[in-house]
Amino acid sequence: MSRLLLQPIYAVLYLTLQAALFGQMVVFGVAIPQLYLMFLIMLPLQISLGFSLLIAFFYGLSYDLLTQTAATGVGSFAAVFLIAFRELWIQISIPKIYYNTRQDLELQQLPMNQFLIYMIPLLFFHQLTYYWVDSFGMEGFGMVILKSFAGTVYTGILSLILLVLFYTGRKS
Amino acid sequence: MERVFDLILRFRNLILFLLLQGISLYLIIQINTRHNIVFGELAQNLTSSFQESRGRVFAYFNLIDENDKLLYQIKEIRQEYLKVRDELSLYKNQLPLRLEYRLIPDSLLPSEEFKFIPAQVVNNSLDKSYNFLTINKGYLNGVRKGMGVISEEGVLGQVVSVTDNYAMAMSILNKNFKLSAKIYQENFFGSLSWSGGSPEYADLEYIPLHVNIKEGDTIVTSGFSSIFPEGFRVGIIEEFEEKSEDGFYKIRVKLNSRPGNAYHVYVLSNMHRAEIDSLEKRISTYQ
């Protein structure tokens, strides 16, 4: 329960770090680390889907307003999509041996390789949605793919470092 | 109602998802000009292509109606055509009074004796006793000495001199001009001439007293000369008096043509002129 109460603090922390630090670490003009997404990816499944969607919406919107990297609304759109897709993706990517019901699933308890299988496609899916909606058909699809790919790799690597540093007690 | 509520409850997450995405899209489109433009174009394209396809489909289903309408219109037009044709044949009988009808270019009336050469008046006099008018068609256009000149309104004069590109015509307002004319209603002919004075009036002579005439009767060309065909309108009887001493009327005719206003004129080329002349010459040898 206490972990759920910590979520607002996480959210603020992620967004602040994203705006102040990660957002500045752009590489080659295409790879932008969106580490703030870790908050949504790690969002406890004890929170109902409906509420998760609402959280994602406001979280994404806050990101938009705070960083102004894309058009307002793009962040929230992609974030809500991420949460919706996550619901499906959990059932596909995480074997049932790790949980009985949705509420039982502890994402932090997943082995690293399993966690990566869960996280990387989610990230990529989000990035794709984000850049596609942002370009809105104005940019070539190749550019959208490139940005999504670069963003996913960059964010993935950084989040791995973060995970290794801060999340301990993982089952191996 | 309960079922609806149940349904909403069941799909609440989906509804919430769609709602949030809707709000996001609304924000994207409303706040951001670039998206606004793109979305506007997209929506417009979608709507117009949809409307176009819908229009095509509806047009197909409306074909029967359209056919009926067209058939009805064809019927109407046919009736109109028959009516006009009847009217036209009616007018044809009154042809001498309908100058306009005769002014149809010769290509449309292939059997006509006269060919019309359109010309414009470039110089014109009214104030002299012997008035002339100059037109911009000459020998090269087929204009020859002796040809008649008319306007849409009536007789204007006769060509007296021709150069390559110009011709000079003796105006109806020339004391030397004589025109063989007749009273249309009575079919008696006389000689029309202008005695000077008002350019609106001329005199018709040699109409015998036994002819029953009245004011307003129409004077037309007699067709006795090869210059003007029969039935061209000249004017109407303004007033007349009986001159018992020589047995003829003295008729004042209000001229139909107004040489002062004439601009678009026609030179009348009689296709049989040479034939008529040679014939008349042959006769004159017996006189």
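Name the residue that is nearest to the other protein chains (Cβ to nearest Cβ), counting only residues in region A:35-55 that are polar (S, T, N, Q) and over 14 Å from the mean Cα position of the chain (by Cα). Lay out the reasoning, then the answer.
Our first condition is that a residue be polar (S, T, N, Q); within region A:35-55, this holds for A:46, A:48, A:52.
Restricting the remaining residues to those that are over 14 Å from the mean Cα position of the chain (by Cα) gives A:46, A:48.
Values: A:GLN46: 16, A:SER48: 8 Å.
Here the answer is A:SER48.
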**Request:** Enumerate the helices (runs of 4 or more DSSP H) found wholly within region B:1-109, keeping only those where 2 or more residues are modelled with pLDDT under 80, outside the structural domain of B:ALA181 (by TED's automatic domain parsing) and among the acidic types (Asp, Glu).
**Result:** B:33-61, B:63-93
**Filtered residues of region A:56-92 (kept if within 8 Å of chain B (Cβ to nearest Cβ) and free of Cβ contacts under 8 Å to residues at least 12 places away in the same chain)** = A:THR72
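I'd like to know if region A:2-16 contains one or more residues that are small (Gly, Ala, Ser) and within 11 Å of chain B (Cβ to nearest Cβ).
We begin by selecting, within region A:2-16, every residue small (Gly, Ala, Ser); these are A:2, A:11.
Those still in the list that are within 11 Å of chain B (Cβ to nearest Cβ) too: none.
No, there is no match, as no residue in region A:2-16 is small (Gly, Ala, Ser) and within 11 Å of chain B (Cβ to nearest Cβ).
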**Item:** Matching residues in region B:130-151 - criterion: being closer than 25 Å to B:GLY197 by Cβ and not in a strand (DSSP E or B)
**Value:** B:SER151
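Which residue out of B:PHE240, B:PHE224, B:PHE248 is open to solvent by 50 Å² or more (accessible area, probe 1.4 Å), of a type in the set (A, V, I, L, M, F, W, C), assigned by TED's automatic domain parsing to the domain that holds B:VAL155 and at pLDDT below 85?
Working: B:PHE240 fails: at pLDDT below 85; B:PHE248 fails: at pLDDT below 85.
The conditions single out B:PHE224.
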**Pair list, Cβ under 6 Å, 6 or more apart: region B:201-221 residue outside any strand (DSSP E or B), other residue of a type in the set (Gly, Ala, Ser) and open to solvent by less than 50 Å² (accessible area, probe 1.4 Å)** = B:TYR206/B:GLY190; B:TYR206/B:SER191; B:ILE207/B:GLY190; B:LEU209/B:GLY247
**Prompt:** How about region A:95-105: which of its residues are closer than 13 Å to A:LEU45 by Cα and not hydroxyl-bearing (Ser, Thr, Tyr)?
**Reply:** A:ASN100, A:ARG102, A:GLN103, A:ASP104, A:LEU105
**Selection within region A:69-104 - under 23 Å from A:ASP134 (Cβ atoms), hydroxyl-bearing (Ser, Thr, Tyr) and not in a helix (DSSP H, G or I)** = A:THR69, A:THR72
**Filtered residues of region A:1-18 (kept if open to solvent by less than 80 Å² (accessible area, probe 1.4 Å) and at pLDDT below 80)** = A:ARG3, A:LEU4
**Message:** Suppose the filter is at pLDDT 80 or above and closer than 26 Å to A:MET143 by Cβ; does A:GLN114 pass it?
**Reply:** no
**Contacts under 9 angstrom Cβ, first residue in region A:158-172 being at negative phi, partner modelled with pLDDT under 55, 6 or more apart** = A:LEU163/A:ARG170
**Prompt:** Cβ-Cβ below 8 Å, separation at least six or inter-chain, first residue in region B:15-32 and more than 7 Å from every other protein chain (Cβ to nearest Cβ), second polar (S, T, N, Q) and part of a helix (DSSP H, G or I): which pairs?
**Reply:** B:ILE23/A:SER76; B:ILE29/B:ASN36; B:GLN30/B:ASN36
**Prompt:** Quick one: would you say A:ILE41 is β-branched (Val, Ile, Thr) and touching a His at 6+ places or on another chain (Cβ under 9 Å)?
**Reply:** yes
**Asked** Got a sec? Which of B:ASN187, B:ASN212, B:ASN256 is closer than 30 Å to B:GLY138 by Cβ, out of contact with any Leu (no Cβ under 8 Å at 6 or more places or on another chain) and not basic (Lys, Arg)?
**Response** B:ASN256
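Considering only residues that are in a loop (DSSP other than H, G, I, E, B) and over 16 Å from B:LYS145 (Cα atoms), look in region B:263-287 and name the one that is modelled with the lowest pLDDT. Can you show your working first?
Step one: filter region B:263-287 for residues in a loop (DSSP other than H, G, I, E, B), giving B:263, B:271-272, B:285-287.
Still in the list and also over 16 Å from B:LYS145 (Cα atoms): B:263, B:285-287.
Working: B:TYR263: 80, B:THR285: 69, B:TYR286: 69, B:GLN287: 62.
Only one residue tops the list, namely B:GLN287.
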**Prompt:** Limited to region A:63-105, what total is found for residues that are of a type outside the set (Asp, Glu) and open to solvent by 40 Å² or more (accessible area, probe 1.4 Å)?
**Reply:** 18
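The values are calculated or read from the model by the stated rules, or taken from the named source; none is laboratory data. Keep in mind the model is a prediction, meaning the values are calculated, not measured. Don't worry about glycine lacking a Cβ; one is built from the backbone with ideal geometry, like all the others, and counts go over all protein chains shown. Heavy atoms of the whole protein, side chains included, go into the accessibility calculation; ligands, DNA and RNA do not. Shrake-Rupley method; radii C 1.70, N 1.55, O 1.52, S 1.80 Å.
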